[in-house]
1. For the stretch 1-138, what are the per-bin percents of Cα-Cα distances with bins 5 Å wide, up to the bin holding the maximum?
2. Under 5 Å between amide hydrogens, which residues at least 5 positions from ASP210 or on another chain qualify, with H placed 1.01 Å from N in the peptide plane?
3. Go ahead and run the numbers for FRET between SER232 and ILE181, Cβ-Cβ distance against an R0 of 30 Å, rounding to 0.05.
4. Just name one of PHE95, GLY126, ALA73: the one whose Cα is farthest towards the positive end of the charge dipole of the chain (beta-carbon charges, Lys/Arg +1, Asp/Glu -1).
5. Which helices pass in the chain if a helix is a full DSSP H run, must span at least 20 angstrom along its long axis by Cα, and must have mean Kyte-Doolittle hydropathy not below 0.0?
6. If you roll a 1.4 Å probe over the chain with all protein chains in place, what percent of the accessible area is carbon or sulfur?
7. Work out Dmax and Rg for the chain from the C-alpha atoms and quote the Rg first, both in angstrom.
8. State the extension gain, in nm to one decimal, for the chain segment bounded by TYR14 and PHE154, taking 0.36 nm per residue of separation less the distance between their alpha-carbons.
Amino acid sequence: MNTLLVSKLATDDYVGFTFFVGCMAMMAASVFFFFSMNSFDKKWRTSILVSGLITFIAAVHYYYMRDYWAENAESPTFFRYVDWILTVPLMCVEFYLILKVAGATKKLMWTLIGASVVMLVTGYWGEAVPDTNAALWGGVSGAAYFYIVYLIMFGEAKALATKAGGNVLAAHNTLCKFVLIGWAIYPLGYMAGTSGWYGAEGILFGMSLDMDVIYNIGDAINKIGFGLVVYSLAASSSASKEVA
Ligand SMILES: *C/C=C(C)/C=C/C=C(C)/C=C/C1=C(C)CCCC1(C)C
């Protein structure tokens, strides 16, 4: 029986290192969001709560993924996708909560959530099922991803953000950049970890970028960054009301 509480981390184990640091960062961010929640106007509290839930769910998964990696030296694909299938829809909920002031509908929220589920389920299929066509499933996943980008940057969500204007529009635009640039990190990780990319995975491996390192960096940027954008929106909106 293994009675170790923690296994040794090699100095060049970047995957193990980023799981460890990622876990701590997600925990710290959760404490920060939960504790700051009540200092804002009531209408922002749910948004900050959701920010905290996103990093908290990730912290718990990172705790297990760190362990899984240390024990098996193998990608914790299952836990990774369970984390994403819980947190990415919550990020879609954030868009809805922010745009509610401009009249965002539940239908828009569910459309975004639905697209994110398609993106993740097809990605999981391409990554986890043996002998599957990773490029094909990655492509389907990518189409769902671009649909999300379309909705928030050009479609209904964009129209609502423009209608709301001011701080809400500014925050919405920043969140869009996270989705367009920050989320684009994930397909790179996917390509580094699957085959069938006509050598693209070789280039990524050549830079000695491991799939899990790429995913871990992506998660830290996107989950904590996303939460901080919502935090500053709540802070600036609550402050400007105080002055008025
Ligand atoms: C907190 C976790 C987040 C924001 C995860 C986001 C994940 C993605 C945007 C994944 C996208 C993928 C593609 C667009 C194609 C290849 C397969 C995926 C699932 C890695």
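The values are calculated or read from the model by the stated rules, or taken from the named source; none is laboratory data. Since we're looking at a predicted model, the values are computed, not measured. A quick note on method: Cβ atoms are made from the backbone with ideal geometry, for glycine too, and the neighbour counts reach across all protein chains shown. Heads up: the accessible areas ignore ligands, DNA and RNA and are worked out on the full protein's heavy atoms, side chains in. Shrake-Rupley method; radii C 1.70, N 1.55, O 1.52, S 1.80 Å.
1. So the P(r) values, bin by bin, are 2, 9, 15, 16, 17, 16, 12, 8, 4, 2, 0, 0.
2. Under 5 Å from the amide H of ASP210 lies no amide H from a residue far enough along the sequence or on another chain.
3. On the way: r = 18 Å, r/R0 = 0.60.
It comes to 0.95.
4. My answer, from the dipole projection, is PHE95.
5. Working: long enough: 14-36 (32 Å, 1.80); 42-72 (45 Å, -0.04); 77-99 (33 Å, 1.37); 106-128 (32 Å, 0.79); 134-153 (27 Å, 1.50); 225-243 (27 Å, 0.78).
What comes out of the filter, once short or polar helices are dropped, is 14-36, 77-99, 106-128, 134-153, 225-243.
6. Working: 8520 of 12250 Å².
Roughly 70 percent of what the probe reaches on the chain is carbon or sulfur.
7. Both quantities, over Cα of the chain: 18.9, 64 Å.
8. Working: separation 140, 0.36 × 140 = 50.40 nm, distance 3.79 nm.
Result for the pair: 46.6 nm of gain on full extension.
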